[in-house]
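Enquirer: One structure, as structure tokens, below. Some questions next.
No lab work stands behind these numbers, since they all come straight from the coordinates. Bear in mind that the values here come from a model prediction, so they are computed numbers and not experimental data. A quick note on method: Cβ atoms are made from the backbone with ideal geometry, for glycine too, and the neighbour counts reach across all protein chains shown.
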Amino acid sequence: MRAAVAPCAACGLHHLDRAACSVALALTNGMHLARPTGALVAGRYRILNQIHRGPMSTVYRVVDLARGETAMVLKELIFASLPPAERAEALTWFLREAHLLSTLRHRSLPALHASFADQDRSYLVMEAVPGPSLEMRARYQRPTEDQVLAWGVEICEVLHYLHHQPEPIIYRDLKPANILERADTGELVLVDFGVARRATPGVEGTAVGTPGYAAPEQYQGLADARSDIYALGATLHRLLTGYNPDQEQPFRLPPVRTLRPDVRPTTEALIAKALALAPGERFAGALEMREVLRASLPASNEMLQAVAAPFYFWITILPGVTGPLSLVSLRMGRGLIGPDTGSLSAVLIMLIAVYLPALLYVGPLVGLRRRRLATPGPNTRLAERKARNLLLTRLGVVLPFWLTVALATANQQTSAGILLPLALIGAGLCWAISIWRAGQAPRPRLLATTTQLYQRLR
């Protein structure tokens, strides 16, 4: 394995002789000047103000005159002062960023509107995200623990989207400064894909990333999805504690509770796992980390439904299923006892036959308990309790009805022609009542499914 060459602090590229970095020389000589307010780029983008200035790029807030002065973000990259070889490398990074953004569609990613070159400069025109970065939020106001965990859930979702593209994308530069919060909705948006790349197994990449946030393996060019997990752990650590990892010794972040004792031990543990130096000791993926973050959050209706979602099918379907099964079980039981239906043993057999299908409820209850044990936390405990109460509520609605049916039809002469309509009507009734009593069932999805089924039958 070749030794990694750390990127130049001035331009982010790789030089054998950093003293000869032409970007650093250009900056020293004042050649990289920001465009003035009101200047036009490509005859249509009017500059309002400068947002960010880096070694080779400047980001402006602009309005697009061709779109009725729509607000946009313009990223300008200057390559003219670079030697030919480094200019080609910088242009490759620019084209990679433009291509990546053009293929991605996610609410937490900025939309790319255009990319073009004008004289010796290249440009990206992107959606303007109104709102501050999380770095700015953390600098002026310490966010609460629950807020940071909720942000972590959102970031995990967009990382999962990137990591599960047909060609997985590794972001490689996750940090609070690259995460914006929409002022109107509060949703997070991941920006600056300048060093992101598509993962190619077995191919060694370049050593890029922000010191303090970049995982150890990134310095060897070996970044994968778990490298972004490390950066997310460092980001959450920064937001919770205010500790700035890019100004301290890398890979030596102090435990969260030594800097902020009010943080819950479970939160400290999950961040410590994300920051493990060995990739294999971190979370296997963003989805796994998201579930642990969700389990650490206090319960809300949205979170409870997310945790209990795999069991809503059973919670919804069982009331309608157990009724007809109870009648079938009852008929079989009566076949065993024969004409003598008045004795105590016969009544007990009929009751057991009626209640036997209720054992179907044991499956989702056991599954929910296993899910809670796999991701312990206050959220999953409350979710298990809520889902269990839903099941028991529906069981309480269903069983008395079928018990009444069983006793009313105890006469052996009751015809199947009466039992079948009664079973169908009872199943529908129990289904409707149990959903109404539950309150948290996914009614729109159920209604859409029922409508589709009706249309197909027609």
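Enquirer: Show the residues, 5+ positions off or on another chain, whose built amide H is closer than 5 Å to the amide H of residue 70.
Expert: Amide H to amide H, under 5 Å and 5 or more residues apart or across chains, residue 70 pairs with 64.
Enquirer: Next question. Sort the following peptides by mean Cβ neighbour count (other Cβ atoms within 10 Å, averaged over residues), highest first: 41-52, 232-243.
Expert: Highest-to-lowest ranking by the protection proxy: 232-243, 41-52.
Enquirer: Separate question: Determine, from the Cβ-Cβ distance of residue 92 and residue 366 and an R0 of 51 Å, the FRET efficiency 1/(1 + (r/R0)^6), rounded to the nearest 0.05.
Expert: The calculated FRET efficiency here is 0.40.
Enquirer: State the percent of C-alpha pairs, over all pairs in the range 179-292, separated by a distance greater than 19 angstrom.
Expert: In whole percent, the share of Cα-Cα pairs in the range 179-292 beyond 19 Å is 50.
Enquirer: Can I ask one more? If you put +1 on each Lys and Arg Cβ and -1 on each Asp and Glu Cβ, how big is the dipole of the range 117-195 around its Cα centre, in Debye rounded to 20?
Expert: So the dipole magnitude of the range 117-195 works out to roughly 280 debye.
Enquirer: Using the Karplus curve 6.51 cos²θ - 1.76 cosθ + 1.60 with θ = phi - 60°, what ³J(HN,Hα) values do you get for each residue of the range 142-157, in whole Hz, with x for Gly and Pro?
Expert: Here the 3J(HN,Hα) series is 5, x, 6, 4, 5, 5, 5, 5, 5, 4, x, 4, 4, 5, 4, 5 Hz.
Enquirer: Using 7 Å Cα-to-Cβ label points, what is the residue 252/residue 42 separation (nm, one decimal)?
Expert: 4.7 nm
Enquirer: Determine which aspartates and glutamates satisfy two conditions relative to residue 386: a Cα distance under 19 Å, and not lying fewer than 8 residues away in the same chain.
Expert: Cross-link targets: 291, 302.
Enquirer: Under 12 Å Cα to Cα from residue 175, which aspartates and glutamates show up? Leave out anything in the same chain fewer than 8 places away.
Expert: Reachable aspartates and glutamates: 135, 192, 228, 246.
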